[in-house]
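To start, the structure under review is shown below, and the notes come after it.
The values are calculated or read from the model by the stated rules, or taken from the named source; none is laboratory data. What you are looking at is a predicted structure, and each value in this text was computed from that prediction instead of being measured. Quick reminder, even Gly has a Cβ in these numbers, built from the backbone with ideal geometry, and neighbours come from all protein chains shown. Surface accessibility is based on the protein's heavy atoms, side chains included, excluding ligands, DNA and RNA. Shrake-Rupley method; radii C 1.70, N 1.55, O 1.52, S 1.80 Å.
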Amino acid sequence: MDTKDVTINANDFEYSFSVGTKFGQLSASETLAETLRNRLGLTGSKEACNEGACGCCTVIINGNAVTSCMTLTVDCDEKNITTIEGLANPETGELDPLQQAFLDRYAFQCGYCTPGIIMASKALLDKNPTPTDTEIKEALSGNFCRCISQYHVIEAVSDIAKGVQK
Amino acid sequence: MDPKDYKYIGKNVQRKDAKDIVTGKAVFLDDFTLPKMIFGRSLKSPYPHAFIKEIDVEEARNLKGVHAVLTYKDVSQDYKMGWPPQKPILSQKMLYVGDTVALVAAETIEIANEAIDLIKVEYEILPFVLDGLEALKDGAPQLYEEFDHNIVTPGYPPFQKDGAFWHLEIGDLEQGFNECAFIAEDTVSFDKKPAPLAPEPPGAIARYDGDENYTVWATSQSGYILKIINSSVIPNSDLTVKTFNVGGSYGNKQSLTVPVMSAVLLSKVTDRPVRFFQTKVEQMTAYETRLGSQVKAKIGMDKDGIVRAVKADWTVDTGAFCNATQGQVGVGIGEAQLVMAKCKNWDLDTNIVVTNKQPAGIVRGYGGQELNSCLSLLIGRTMKAGNFDPVEVYKKNYVSDGDEYFWRDGRKWKAHSIDYTEAIEISAEKFKWTEKWKGWGTPTWTSEDGNIVRGVGCGIIGNADVGEDNTEAYVRVSPDLFGSKAHVIMQTNITESGMGQRSNLAKMVAEVMNVPYEQVQITDPDTMQNPTGFGLCGSRGTITYGRAVSNAAVDARRQLFELAEPYLEVPPEAMQLENYGVVTKSRPGKFVSWKQLIPPDLTITGYGKHTENFSTPNFFMVFLEVEVNKQTGQVKVVHMLGGTDAGQVIDPATLEMQCHGGIGSASLDTALFEEHIIDPATGRPLTYNMLEYKWRTFNEFPTFDTVMLSSQFDTFMFKALGVGEIAGAAAASATMQAISNAIGVEVAEYPATPNVIFKALGKM
Ligand code: FES
Ligand code: FES
């Protein structure tokens, strides 16, 4: 690839990188997970498996839930990326209702999978605001949670789907 | 305190780190970095047993950005990992696929990986052994010179101060069997060494602090256990261990010996902080798995359904190295006695065996689960022979107040205060056991075409480790600089790895000090700055830390009462804490604030401790219903119930999630599909990543009910005991029982994959 710039919009902030092999440049093989975590300090989403299997690194790109460990940053030029850090209201700090539902339903244990699960659920709800439990489970079937918080996660997402206010 | 006065105990309270977790702010080790930190990687053995004939690291060393390349030639062969110290950190002999050949530290992870590729090695490939019983045979490949027939020396001094404990021999076995009407005898294996598979991979950052002192930041659920287990590796070393939130452990991320010692060595030679993480593939192929178990046993039951005699030989496959597996064996022996607590005649012998597989280590269930998964199938056979209802048998045999047993310290303990009869009965009732139970080998339901059948099963387990290890805490009362409130600081070493216990302990202190939960703070987990605490491993946290912090709070309260005497002019018994001050109980009364009592800028510090005690075993019972498709051999769990009595429940939501957790971390699904499959020709794991290794996805969960009783057991001030660890420990054997009942033929091979089902049905 020729040297060029890549511009991504992460949580409503624009970042431009020059692509190349020199120190500090963004290499063509750098994953979005690496860029977000190591360059932008957005460490909320996790790199757990680095092979697209666990969903811990899930972020939203142009409305779709995507595993950032399997996405090259150079392929994200001009794209809008939302990470877990971008969900709460930046001015008031008020949580997204989905985050609040995760609190109300105790929908995590160790929390390592949680940012990825919240982002996958968020992308689902943005497209389909009233998913059934089966649709929620399908949408999350790529997210690994070994502590077994699934039961509470489904309650939390389903609260939003059903418009339950706590 | 009267439970009805509790403000926080027994109620759901938002975890202190909850908001950080849902916003991505919570810090895990991978999110942390140190100035001048460099990156460590290792070259791993492609062979299960091999000798390094030649190794050339010149090119790797000369690569720009490489700070160190280490092989066995550069490191003392006396730096041995494990107990007894056995395995050099870097050795000339490779004992498993994934064993460390060389260590590299470099400016970036990419340079480190490049350097790894430049190392040239010539191996002499040696014959290998992958099976525990095979490894015991004459002529089997020997892994260590000092372990004759691959048998690891028994005994782990920190656990067994009176000497090694590995063989339970009590009563009169012959006499015992004579009293039995039903006897089952067989060899059962639970040896597929499934992966606990914490989402966060194992990792550590080490910094060399001079002499043999190191600071280690690790993904460990217990910094103190990491410290004691790894302190025997480098003579005279001292590790200070700090942790962050831990991304799942399930007991598996405690000592972290390989990543920690790799980072430690590299930090010393480079004098730079070195970060050493395993990749997911390395975690799955080279990190610690569950123990392998092969149990040859004979169990006898009398005509009333009481187990009267147990003879068993338990072969424990610890993989290529033994890192205090002795503790797990001790607990396994203990837990077997809890399930068959009325039995007075035992000969339960054990051998820990090394094989050329990735090491086995600590996993939720801790030896007891592995042994239970085998012995329960034989208990089941005696029940079947006597046509007993398993719930009734388990109820009669399970430990209760006054029963005696030997625990992993080799000492005899007597159960105190606990009785789980009610929990068993209520759980069975909620599951509708009597309605569903149709007898041994009889399905609860059969489809019209006869192809699909359902069956029920149950399993029981308990662990007395909930009182294990001495623990200390300080509780400091620190009046706010401005205003009239105060903060109460719990100084205690406890890492959050998902159980919510840091917050639960704050609830206890808030109750004693009568302050809002929000005003109670906890120090960061750190072995130097906090008093002794073994972390939450083994569900011990509720009792051990619970007693330590509540005693510390009571001690702080006592000091405040003493200071208040001149002001209130009543004895301490007539005082109570209220509104950041001390008041008289009689109303209208007097008030003096903590701020007035405590000299400016100083604090009141209370001290509390727990001393080890194995007298209150916990309890968990699993009931489940499976559906088997006889055409496809597929089994699925359709409904499950976890029942327990946790003593006083501290936080219902987190306890419920601990119950759910029994499905994960190589528990329930070790009966269905979780296993490491190793290529017998090469010794390499074929289940090397999360795509090949089977795990349960979001859309495959059974419905789940819980029963959580809240008895007031005499454990400590808050009458609680921990229970989470064992939530899934009896699930595998319960599943086997349910499958056998569904298809009418006994299945005793873990996991019950379609092949196993077809074999049982005579279709293969
Ligand atoms: S880390 Fe990206 S899917 Fe697992
Ligand atoms: S909460 Fe720990 S893996 Fe999901």
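So what J values fall out for segment B:155-163 if you push phi through Karplus, 6.51 cos²θ - 1.76 cosθ + 1.60 with θ = phi - 60°, rounded to Hz, Gly and Pro as x?
x, 10, x, x, 9, 10, 6, 8, x
With only Lys, Arg, Asp and Glu charged, each at its Cβ (+1 for the first two, -1 for the last two), find how big the charge dipole of the protein assembly as shown is about the Cα centre; round to the nearest 20 debye.
Here the protein assembly as shown has a charge dipole of around 840 debye.
Which residues in segment B:289-309 place their backbone N less than 13 Å from a point set 7 Å from the Cα of B:ALA385 along the Cα-to-Cβ direction?
Hits in segment B:289-309 for B:ALA385 at 13 Å: B:297-309.
Could you calculate the FRET efficiency of A:THR92 with A:ARG39 from 1/(1 + (r/R0)^6), where r is the beta carbon distance between them and R0 is 35 Å, rounded to 0.05?
Calculated value: 0.80.
State the answer as a single residue: which of A:ALA139, A:PHE108, A:VAL157 lies farthest towards the positive end of the charge dipole of segment A:97-162, with beta carbon charges of +1 for Lys and Arg and -1 for Asp and Glu, about the Cα centre.
A:PHE108
Could you please state how large a percent of the accessible area of segment B:350-460 is carbon and sulfur, counting protein chains only and using a 1.4 Å probe? Show your work: numbers first, answer last.
Values: 1750 of 3890 Å².
C and S fraction of accessible area: 45 percent.
Expressed as a whole percentage, what fraction of the accessible surface of segment B:189-266 belongs to carbon and sulfur atoms when a 1.4 Å probe is rolled over the protein heavy atoms?
46 percent
Classify chain B as rounded, prolate or oblate from the Cα gyration tensor: take a ≥ b ≥ c as the square roots of its eigenvalues, call it rounded if a/c is under 1.5, otherwise prolate when a/b beats b/c and oblate if not.
Because a/c hits 1.5 or more and a/b fails to exceed b/c, chain B counts as oblate.
Assuming R0 = 22 Å, what is the FRET efficiency of B:ASP148 and B:GLU169, from their Cβ-Cβ distance, to the nearest 0.05?
Efficiency for this residue pair is about 0.50.
Carbon-plus-sulfur fraction of the accessible area of segment A:5-86, 1.4 Å probe, in percent?
Here it works out to 45 percent.
Calculate, for chain B, the solvent-accessible area per residue in square angstrom, rolling a 1.4 angstrom probe over the heavy atoms of the protein chains.
Working: 26040 Å² over 764 residues.
That works out to 34 Å² for each residue.
Distances over 44 Å make up what percent of all Cα-Cα pairs in the protein assembly as shown?
Details: 134721 of 431985 pairs.
Taking all Cα-Cα pairs of the protein assembly as shown, the fraction more than 44 Å apart is 31 percent.
Would you list, by chain and number, the aspartates and glutamates whose Cα falls below 19 Å from the Cα of B:LYS485, excluding same-chain residues fewer than 8 positions away?
B:GLU511, B:GLU518, B:GLU578, B:ASP601
Would you mind checking which residues have amide H under 5 Å from B:LYS16's amide H? H placed 1.01 Å from N; only 5 or more apart, or other chain.
Here B:SER503 satisfy the definition.
Given only helices, namely DSSP H runs of n ≥ 4 each adding -39500 (n - 2.57), what is the per-residue ellipticity at 222 nm of chain A, to the nearest 500 deg cm²/dmol?
When only DSSP H runs of four or more count, the value is -7500 deg cm²/dmol.
Using θ = phi - 60° and the Karplus form 6.51 cos²θ - 1.76 cosθ + 1.60, what ³J(HN,Hα) does each residue of segment B:731-746 get, whole Hz, x for Gly and Pro?
6, 5, 5, 5, 5, 4, 4, 5, 4, 4, 5, 5, 9, x, 10, 6
Would you mind pulling out the separation of the Cα centroids of segment B:139-197 and segment B:38-111, in Å?
33 Å
Please get the size of the charge dipole for segment A:7-64, origin at its Cα centre, with Cβ charges of +1 on Lys and Arg and -1 on Asp and Glu, quoted in debye to the nearest 20. The partial results should precede the final answer.
Working: 4 positive and 6 negative charges, 25 e Å.
It works out to roughly 120 debye.
Considering every residue in B:498-505, what mean count of other chain Cβ atoms within 10 Å of its Cβ is obtained?
2
At most 15 other Cβ atoms within 10 Å plus a DSSP loop assignment makes a site exposed; report the longest stretch of chain A without any exposed GluC sites (Glu not before Pro).
Looking at chain A, A:95-166 is the longest stretch - no exposed GluC sites (Glu not before Pro) with at most 15 other Cβ atoms within 10 Å.
Segment A:1-81: which trypsin sites (Lys or Arg not before Pro) are DSSP loop and have at most 13 other beta-carbon atoms within 10 angstrom?
A:LYS4, A:LYS22
Given B:GLY459, B:GLN14, B:THR108, which one lies farthest toward the positive end of the charge dipole of the protein assembly as shown, if we put +1 on the Cβ of every Lys and Arg and -1 on the Cβ of every Asp and Glu?
The residue sitting most towards the positive pole is B:GLN14.
Which ³J(HN,Hα) values, rounded to whole Hz and listed in residue order, are derived for segment B:453-459 from phi using the Karplus coefficients 6.51, -1.76 and 1.60 in 6.51 cos²θ - 1.76 cosθ + 1.60 with θ = phi - 60°, glycine and proline given as x?
3J(HN,Hα) across segment B:453-459, in whole Hz: 10, 10, x, 10, x, 9, x.
Per residue, how much accessible area does segment A:97-162 show when a 1.4 Å probe rolls over the protein heavy atoms, in square angstrom?
So segment A:97-162 comes to 30 Å² accessible per residue, rounded to a whole number.
So what is the calculated 222 nm ellipticity per residue for chain B, using -39500 (n - 2.57) for each DSSP H run with n of 4 or more, over all residues, to the nearest 500 deg cm²/dmol?
-7500 deg cm²/dmol
Distance from the Cα centre of segment B:366-383 to that of segment B:605-652, in angstrom?
16 Å
What size of dipole, in debye to the nearest 20, comes out for segment B:416-553 about its Cα centre when the only charges are +1 on Lys and Arg C-beta atoms and -1 on Asp and Glu C-beta atoms? Could the numbers behind the result be given before it?
Values: 11 positive and 17 negative charges, 30 e Å.
That gives a dipole near 140 debye.
Per residue of A:136-144, what is the mean number of Cβ atoms on other protein chains within 10 angstrom of that residue's Cβ?
4
What chymotrypsin sites (Phe, Trp or Tyr not before Pro) in segment B:423-500 are in a loop by DSSP, with at most 10 other Cβ atoms within 10 Å of the Cβ? Working shown, then result.
On the way: sites: B:PHE431, B:TRP433, B:TRP437, B:TRP440, B:TRP445, B:TYR474, B:PHE482; in loops: B:TRP437, B:TRP440, B:PHE482.
Those satisfying the criteria are B:PHE482.
Each label point is 7 Å from the Cα along the Cα-to-Cβ direction; what then is the distance between the points at A:SER29 and B:ASP714, in nm?
Inter-label distance under the simple model: 6.6 nm.
In peptide B:191-204, how many Cβ atoms from other protein chains are near each Cβ within 10 Å, on average?
3
How big is the A/B interface in buried accessible area, both sides summed, 1.4 Å probe, to the nearest 100 Å²?
Numbers: alone 9040 and 28050 Å², together 33050 Å².
Summing both chains' loss of accessible area gives about 4000 Å².
Among the trypsin sites (Lys or Arg not before Pro) within segment B:427-471, which fall in a DSSP loop and have no more than 16 other Cβ atoms within 10 Å of their own Cβ?
B:LYS432, B:LYS438
Put a dot 7 Å past each Cα toward the Cβ at A:ASN80 and B:ARG61; how far apart are the dots in nm?
5.6 nm
Taking amide H atoms as placed 1.01 Å from N in the peptide plane, list the residues 5 or more away in sequence, or in a different chain, whose amide H sits under 5 Å from that of B:ALA360.
Excluding prolines and chain starts, which carry no amide H, the hits are B:THR289, B:GLY319, B:ALA320, B:PHE321.
Distance between Cα centroids, segment B:253-318 to segment A:1-70: provide it in whole Å.
Here the answer is 36 Å between Cα centres.
Using amide H atoms built 1.01 Å from N in the peptide plane, name the residues 5+ places from B:GLN521, or on other chains, whose amide H lies under 5 Å from its own.
B:VAL488, B:ILE489, B:MET490
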